[in-house]
Each structure stands twice: as structure tokens, then as C-alpha cells.
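Written out below as C-alpha cells is the structure these notes cover.
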Amino acid sequence: MSIAPADQPLLEIDNLRVNFNTPTGIVRAVRGLSFTLGRERLGIVGESGSGKSMTGRAILDLIPWPGEVLADRMVYRGQDLLAMPRAERRRLRGRHISMVMQDPKFSLNPVVTVGEQIAEAYRVHHRASRREARERSLAMLEAVKIREPARVYELYAHEVSGGMGQRIMIAMMLIAEPDILIADEPTSALDVTVQLQVLKILDDLVTDRGMGLIFISHDLHLVQSFCDRVIVMYGGKAMETLPAAELADAGAMAKRHPYTLGLLGCLPDLDHRRDKLQTLTRDPAWLA
Amino acid sequence: MNGGPAITVEHLNVSFGDSHVVRDLSFTVQEGESYGIVGESGSGKSTVLRVLAGLNRDWSGTVTILGEAQGPRRDKAFHRAVQMVFQDPYGSLHPKKTVDDTLAEPLAIHGIGDREPRIARALKDVGLPMAFRYRYPHQLSGGQRQRVAIARALILEPGILLLDEPTSALDVSIQAEVLNLLQALRSERRLTYILVSHDLAVVGHMCDRLMVMQLGKGVEEMQAATLSARAPVTEYAKELLTASEGFRRS
């Protein structure tokens, strides 16, 4: 595969729609989302049901029946994802575009050691001997800051803590060295101090390897402090896309979408104690 | 507003087998006060609440609630005075019981009459329309379920409410509504709250004083104002506060 020029976006998406055809009608989970991803940290924030996870899954072609993914354009480094045969799409998945799920408890195989799972991920995408895959996996465990990788390699999913499990998942997704990592609430099951360690690992990957990261989260504070740009989603649509720093910039509030303001307003804030928190009023016109 | 201590805990210890999950914890909550307990998972914060509610019978130390020393078992009068709201509104309501059944059960247990008006009032107090009375939990959203759980706790008119991460399963907009509801109920009824949470901003918003726990120990007790002033004394409390402010690129 040819190396794309550095300024070419990794991913270009135009008018993405995800529909579920149910007996009672069409449920539109994503309604016309467009964005481009460069070598950056792109945050997608929204409440439950806003379509943020569906967006991540649609990019990987992981929407189950009866869902369907429609788009005007979906391009990964110059390759048209929509025109691509399924088999080729599958080769891309995991190797070039990868996804870390929210909860390691439910995403790791309980009957295979975590090390073997990482090695398997490597051997699926690369021709390598078992021994080489094992060495690679150990190096990867070390890269995600796991102490005693040789010991952890032999453990099963139930024997590792939540933070360790999440790092193991990240190791598994990164061993194929993808260009794009989609992280769906990768830290919301973790304690704050562990959360920061995991974010640091993701952050280094973007900075050092030039990976593109799509960071899906419901936590505005976290996204604001971690990401470069943020898409705020509501009801399957992007309400606005903005530089993350502007979420905390009081001077920029006048330009903000009322939904973004609403979300910020209902967060309890240590610096501004109020008797009553602001509640959100949703305007049907936002989805028109 | 206050008439002495509502809850006094002295030298509380809890062990599960070999693991010592609460270590020599002491604190006092005044009547009408809102007291927070914060900590990471495994800090023992929920265990403390379960001991207070009488759900965990294996502990040592002294627990005095509303002037009475508590043993491992609690009587009916205790449960009428002390109620608890749990974290997961999807797990804490019986899936095959309607809202009406759920709210009627505490009344039946305690032999309280006037079912009709009490249920109607409980729904009104938590801001749920009467139309919800005969719905099942799966017909309600997360926020509505948590309102039902709060109504179930309040229907016995307790003086003390134990809140275990009441909003951490909810979206921020719904969290704001539930926190506002809890604040309003507290000032109307002069309730005493103990709120357990991992979210410092929520505790800072809801509580007058709080305790930071780590690995079963009470590390630091402080006023909520200390939190806003970013002035905790212990290293761990400082670390927790810094971590909760988000990611920092070094």
C-alpha cells in the first residue's frame, strides 16, 4: 500500500447514516454525520442514544442486522470503503482501523490467557511464528506499562484488574499498528488515576506514531482536556464541531450551540457552587 | 436545622475473609447534614454504607444512629427511619413489578394504611406523572427509574437517606435533574444524607463535609469549601482532586 502524504486525511466521511429497519418503523441512529480525521485526537461526545458508538461501529462495518450503513462518501487514505468488497473491508479492520471497547470484562475471551489473545491478534494480520508473536506481545504489554509482562501473559481475564484489562485490550488493538484507533469510552469503567495512565498511552501513540484517534465519550471535562477537536452529537446529528479548548473558554461561549451550553451547564462544578443545577431543554428544531 | 449527631461511627472495621476492607474508620454526621464519602473502587466506601443500612452484618466497632447503638441486625423501626438508594436503577427495581407494586411494598411491610394517597404523593414528590403508576421498569428511562427508587425510599418518610452513587449510571442532563430533586427534598424535609460517590464534583455540589477514603482507611475529612479551594492536606486527596480535573499533557 502506498504511503499517503502527511497532509491527506486518514478518514473522510460524508453524510453518514445508520438506520435500523424494525417492524415498527425505521430507527435512525445516525442522521447525516460528516467529518474528516487527521493525525489527531478527535472527540465525539454526546449522551446515551446520541449515535456516538454507532458512528464508531459504522466506520468498522460492525453494525449488525437489521441495521444498515449509508453514506455519500467514506474514504480511508484514498481508498473508497463503500466500494470495497466485504472481505477486503475485513482485512482493513483490526489491521489498519481498530477499536477498543468500553468494558474489558465483556470484551476479553475468558478461556484463553490474555497473552495468547494478543499474540493471536498479531498472527491474524502478520505472517509470524508463535514464538515471534509471543515476543511481540510481551513487548506490547510492556509498551502499555504493564509490569512483569511475562507473568501477566499467562493470566486469564478474571485475574486482571479493570485498568490492567483495559491496557491489555489496547495492547491487543495496537499490536497490528493501526493508523486509526476508535476508542469507545475506553476509560469510563476505570478509576480516575488509572484513567489518566490509559489516556497517557493513547496520547503518546498519537504524538509518536502519528495515529488518528477517535475518542468516544460522555465526559465533557475529559474530552475537553484530552482531545484536539470535538464533535458534539445529539439525536444522531452533529450539533457542532469545535476545538476542544473552546469548551472551557468562557469567552467563546457566545458562539456555542445551545445543546453544548446545556451539557456544560448541567455539570456540577467545584468552582461555581450553585443551589440548583441547570437542566437541559431540548429543542426539536435541532434535529430538523 | 440540627439537633445533634444523626450518625456516629467509631472504629469501624470490616473484613471479608482475609481482606480488610474498612480499617478503623470514624466519623460523625449531624442531623440535617449532607455528608459525602469519596474514593476509588475498592476503597470501602460502599461497604460503609451497607454496614450503616444493616445490609452487612459482619463488622466490629460502634455505630450509633439517631441516638441508638446498632447491632448487626436492625428492627423495622430502624428501616423506617433509614432508607437507601442504590447505584443501578436497572438492577434495583423488580422487573416484574409495576411502579405501584414497588411503592406499595414498603407500606405493606410496615403496616401503613392510606396506600392510595401515599403512593400518589410519593410520585408527585419525585416529579413523576400519575400515568407512570402502572408501568413496569422496562417502560421507564434510567432517570425515571432512579426517581422511582427515590420515591420508594421516601414513602416511609425516613430521616436519613443513604445514597450509593445515585447518579453515576445516568447521563449528565439526567444527573442534574436527579441531584436537583435530592437537594429540594432535603431542604423540604430536613433529611440527613450520606452520599457515596467517585465523582468529586458531585460530592462538592451536594455535601457540606466529606471523607476521602483509600484502601479502607479514612484518609482525610474536609469541608466542601476545602475542595473548591483546592486545599486538601493529604497527598492522596490532592492526587484524587488533580486527577478529577482531567488530562494534563506534561
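The values are calculated or read from the model by the stated rules, or taken from the named source; none is laboratory data. Since the structure is predicted, the reported quantities are computational estimates derived from the model, not experimental observations. For neighbour counting, all protein chains shown are included, and Cβ atoms are generated from backbone atoms with ideal geometry for every residue, glycine included.
General observations
- Residues that are of a type outside the set (S, T, N, Q) and either surrounded by 15 or more Cβ atoms within 10 Å (Cβ to Cβ) or under 14 Å from A:Ala171 (Cα atoms) (or both), drawn from region A:109-125: A:Val114, A:Gly115, A:Glu116, A:Ile118, A:Ala119, A:Glu120, A:Ala121, A:Tyr122, A:Arg123, A:His125
- Against the test of being surrounded by 18 or more Cβ atoms within 10 Å (Cβ to Cβ), under 28 Å from B:Val21 (Cα atoms) and out of contact with any Asp or Glu (no Cβ under 7 Å at 6 or more places or on another chain), the options B:Leu156, B:Leu195 yield a single qualifying residue, B:Leu195.
- Once region A:144-171 is narrowed to residues that are among the charged types (D, E, K, R) and part of a loop (DSSP other than H, G, I, E, B), the residue that is farthest from A:Gly210 (Cα to Cα) is A:Glu154.
- Within region B:29-41, the set of residues being out of contact with any Lys or Arg (no Cβ under 6 Å at 6 or more places or on another chain) and under 21 Å from B:Leu182 (Cα atoms) comprises B:Val29, B:Gln30, B:Glu31, B:Glu33, B:Ser34, B:Gly36, B:Val38.
- Residues located in region A:119-142, provided they are within 21 Å of A:Val194 (Cα to Cα) and either in contact (Cβ under 8 Å) with a residue 40 or more places away in the chain or β-branched (Val, Ile, Thr) (or both): none
- Residue within region B:135-142 that is more than 14 Å from every other protein chain (Cβ to nearest Cβ), among the polar types (S, T, N, Q) and without any contact (Cβ under 8 Å) to a residue 60 or more places away in the chain present: yes
- Residue count for region B:225-237, restricted to those that are more than 19 Å from A:Arg274 (Cβ to Cβ) and either exposed (fewer than 15 other Cβ atoms within 10 Å of the Cβ) or within 8 Å of another protein chain (Cβ to nearest Cβ) (or both): 4
- Note on region B:106-120: residues that are surrounded by fewer than 14 Cβ atoms within 10 Å (Cβ to Cβ) and not aliphatic (A, V, I, L, M) amount to 6.
- Identification of strands (runs of 3 or more DSSP E) wholly contained in region A:55-103 with 1 or more residues that are loosely packed, with under 15 Cβ neighbours inside 10 Å, among the basic types (Lys, Arg) and out of contact with any strand residue (DSSP E or B) (no Cβ under 7 Å at 6 or more places or on another chain) yields no element.
- Scanning region B:167-184 turns up no residue that is more than 9 Å from every other protein chain (Cβ to nearest Cβ), of a type outside the set (D, E, K, R) and in contact with a Lys or Arg (Cβ under 6 Å, 6 or more places away or on another chain).
Residue-wise test of (1) charged (D, E, K, R); (2) more than 16 Å from the chain's Cα centre (by Cα).
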{"residue": "A:Ile201", "(1), (2)": "no, no"}
{"residue": "A:Leu222", "(1), (2)": "no, no"}
{"residue": "A:Glu240", "(1), (2)": "yes, yes"}
{"residue": "A:Arg256", "(1), (2)": "yes, yes"}
{"residue": "A:Leu277", "(1), (2)": "no, yes"}
{"residue": "A:Arg282", "(1), (2)": "yes, yes"}
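- Of the criteria (1) within 7 Å of another protein chain (Cβ to nearest Cβ); (2) modelled with pLDDT of 95 or more, which one B:Leu191 fails: (1)
- Scanning region B:52-95 for residues that are aliphatic (A, V, I, L, M) and loosely packed, with under 11 Cβ neighbours inside 10 Å yields one hit, B:Ala69.
- Positions within region A:241-285 being in contact with a strand residue (DSSP E or B) (Cβ under 6 Å, 6 or more places away or on another chain), touching a residue at least 40 places away in the same chain (Cβ under 8 Å) and not polar (S, T, N, Q), in sequence order: A:Ala244
- Selection status of B:Gly36, at positive phi, buried (at least 16 other Cβ atoms within 10 Å of the Cβ) and within 20 Å of the chain's Cα centre (by Cα): no
- Taken over region B:201-219, the criterion of being at the interface with another protein chain (Cβ under 7 Å from one of its Cβ atoms) and closer than 28 Å to B:Ser19 by Cβ is satisfied by B:Val202 alone.
- Residue in region B:112-134 that is within 13 Å of chain A (Cβ to nearest Cβ), in contact (Cβ under 8 Å) with a residue 40 or more places away in the chain and either more than 19 Å from B:Gly54 (Cβ to Cβ) or among the basic types (Lys, Arg) (or both) present: yes
- So B:Met222, is it under 30 Å from A:Ser188 (Cβ atoms) and more than 11 Å from chain A (Cβ to nearest Cβ): yes
- Taking first residues from region B:160-173 that are surrounded by 21 or more Cβ atoms within 10 Å (Cβ to Cβ) and partners that are β-branched (Val, Ile, Thr) and outside any loop (DSSP other than H, G, I, E, B), the Cβ contacts under 6 Å between residues at least 6 apart in sequence or on separate chains come to B:Ile160/B:Val82; B:Ile160/B:Thr192; B:Leu162/B:Ile194; B:Leu163/B:Val85; B:Asp164/B:Val196; B:Pro166/B:Val85; B:Thr167/B:Val178.
- Looking at B:Val203, B:Val233, just one residue is β-branched (Val, Ile, Thr) and touching a residue at least 60 places away in the same chain (Cβ under 8 Å), and that residue is B:Val203.
- Residues that are touching a Pro at 6+ places or on another chain (Cβ under 7 Å) and more than 30 Å from A:Asp208 (Cα to Cα) were ranked within region A:20-56; the one that is modelled with the highest pLDDT is A:Phe20.
- Residues that are in a helix (DSSP H, G or I), under 30 Å from B:Ile174 (Cα atoms), under 22 Å from the mean Cα position of the chain (by Cα) and small (Gly, Ala, Ser) do occur in region A:107-120, at least one of them.
- Residue-level analysis places B:Val63 outside the set of residues that are under 26 Å from A:Gln195 (Cβ atoms) and out of contact with any His (no Cβ under 6 Å at 6 or more places or on another chain).
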